[in-house]
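J.: Dropping a structure here in structure tokens format, bear with me for questions.
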Amino acid sequence: MELAMEKAKEEQEEWGKQMELAIEKAKEEQEDLAEQMGLAVELAMEKAKEEQEEWGQQEELAMEKWKDEQEERGQQMELAVELAMEKAKEEQEEWGQQEELAMEKWKDEQEERGQQMELAMEKWKDEQEELAEQLELEVEKAFAK
């Protein structure tokens, strides 16, 4: 049972490490996306200046389109992070349930072992009483002779 508890603990720790790695990866991806968005902003601003001289009205349209794309990317990132966090939470709950079941099984096994020990002790006590009675009879027979 101790092995099962250790294994469950190790698995939970491994899961925790994996969850930390997943969160770290999501943070890194978010930072990369922020850098890309920063670069995209810089490029869009340069292009907007050039187009402003040439096209005037198209600058506004390009900026609106860029904003929409950025919002969409932001929403996609938020959704991806939400899904990752939800999955991590579900996995953690599952591990918690498995750990709880393992603890219940261990408690049941301990209780059963206790009952078996109690029965063994009662049997030993009965055997000792029987031996004492037989010894007493033997002693009485010996004195009677």
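J.: Would you mind finding the one in Glu104, Glu111, Glu133 that is of a type in the set (D, E, K, R) and either under 23 Å from Glu31 (Cα atoms) or open to solvent by less than 100 Å² (accessible area, probe 1.4 Å) (or both)?
T.: Details: Glu111 fails: either under 23 Å from Glu31 (Cα atoms) or open to solvent by less than 100 Å² (accessible area, probe 1.4 Å) (or both); Glu133 fails: either under 23 Å from Glu31 (Cα atoms) or open to solvent by less than 100 Å² (accessible area, probe 1.4 Å) (or both).
Criteria check complete, one pass: Glu104.
J.: Further question: Give all pairs with beta carbons closer than 6 Å in which a residue from region 7-33 that is over 12 Å from Gly96 (Cα atoms) and touching a residue at least 12 places away in the same chain (Cβ under 8 Å) meets a residue that is loosely packed, with under 11 Cβ neighbours inside 10 Å and polar (S, T, N, Q); count only pairs at least 6 apart in sequence or on separate chains.
T.: From region 7-33, no pairs qualify.
J.: So, one more: Determine which member of the set Ala4, Ala80 is hydrophobic (A, V, I, L, M, F, W, C), touching a helix residue (DSSP H, G or I) at 6+ places or on another chain (Cβ under 9 Å), under 30 Å from Glu111 (Cα atoms) and in a helix (DSSP H, G or I).
T.: Sole residue among the options that is hydrophobic (A, V, I, L, M, F, W, C), touching a helix residue (DSSP H, G or I) at 6+ places or on another chain (Cβ under 9 Å), under 30 Å from Glu111 (Cα atoms) and in a helix (DSSP H, G or I): Ala4.
J.: Considering only region 10-32, state which residues are within 16 Å of the chain's Cα centre (by Cα) and either outside any helix (DSSP H, G or I) or surrounded by 13 or more Cβ atoms within 10 Å (Cβ to Cβ) (or both).
T.: Glu11, Gln12, Trp15, Gly16, Met19, Ala22, Ile23
J.: Just one of the numbered conditions (1) touching a helix residue (DSSP H, G or I) at 6+ places or on another chain (Cβ under 9 Å); (2) without any contact (Cβ under 8 Å) to a residue 24 or more places away in the chain is not true of Leu135; which one?
T.: If we test Leu135 against (1) touching a helix residue (DSSP H, G or I) at 6+ places or on another chain (Cβ under 9 Å); (2) without any contact (Cβ under 8 Å) to a residue 24 or more places away in the chain, just (1) comes out false.
J.: Among the residues of region 84-93, are any free of Cβ contacts under 8 Å to residues at least 12 places away in the same chain and over 32 Å from the mean Cα position of the chain (by Cα)?
T.: no
Results for (1) touching a strand residue (DSSP E or B) at 6+ places or on another chain (Cβ under 6 Å); (2) modelled with pLDDT under 95; (3) among the charged types (D, E, K, R), shown as yes or no for each residue.
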site: Met37; (1), (2), (3): no, yes, no
site: Glu46; (1), (2), (3): no, yes, yes
site: Gln52; (1), (2), (3): no, yes, no
site: Gly74; (1), (2), (3): no, yes, no
site: Ala102; (1), (2), (3): no, yes, no
site: Trp124; (1), (2), (3): no, no, no
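J.: Can you list residue pairs whose Cβ atoms sit under 8 Å apart, with the first residue in region 102-121 being closer than 12 Å to Met1 by Cα and the second being open to solvent by 100 Å² or more (accessible area, probe 1.4 Å) and small (Gly, Ala, Ser)? Count only pairs 6 or more apart in sequence or on different chains.
T.: No pair meets every condition.
This table checks each residue for (1) open to solvent by 100 Å² or more (accessible area, probe 1.4 Å); (2) closer than 30 Å to Ala4 by Cα.
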{"position": "Gln36", "(1), (2)": "yes, no"}
{"position": "Met45", "(1), (2)": "no, no"}
{"position": "Trp66", "(1), (2)": "no, no"}
{"position": "Gln75", "(1), (2)": "yes, no"}
{"position": "Gln98", "(1), (2)": "no, yes"}
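The values are calculated or read from the model by the stated rules, or taken from the named source; none is laboratory data. All figures in this text were calculated on a predicted structure; none of them were measured in a lab. Please note: Cβ atoms are built from the backbone with ideal geometry, for glycine as well, and neighbour counts cover all protein chains shown. Please note that ligands, DNA and RNA were not included when accessible areas were found on the heavy atoms of the full protein model with its side chains. Shrake-Rupley method; radii C 1.70, N 1.55, O 1.52, S 1.80 Å.
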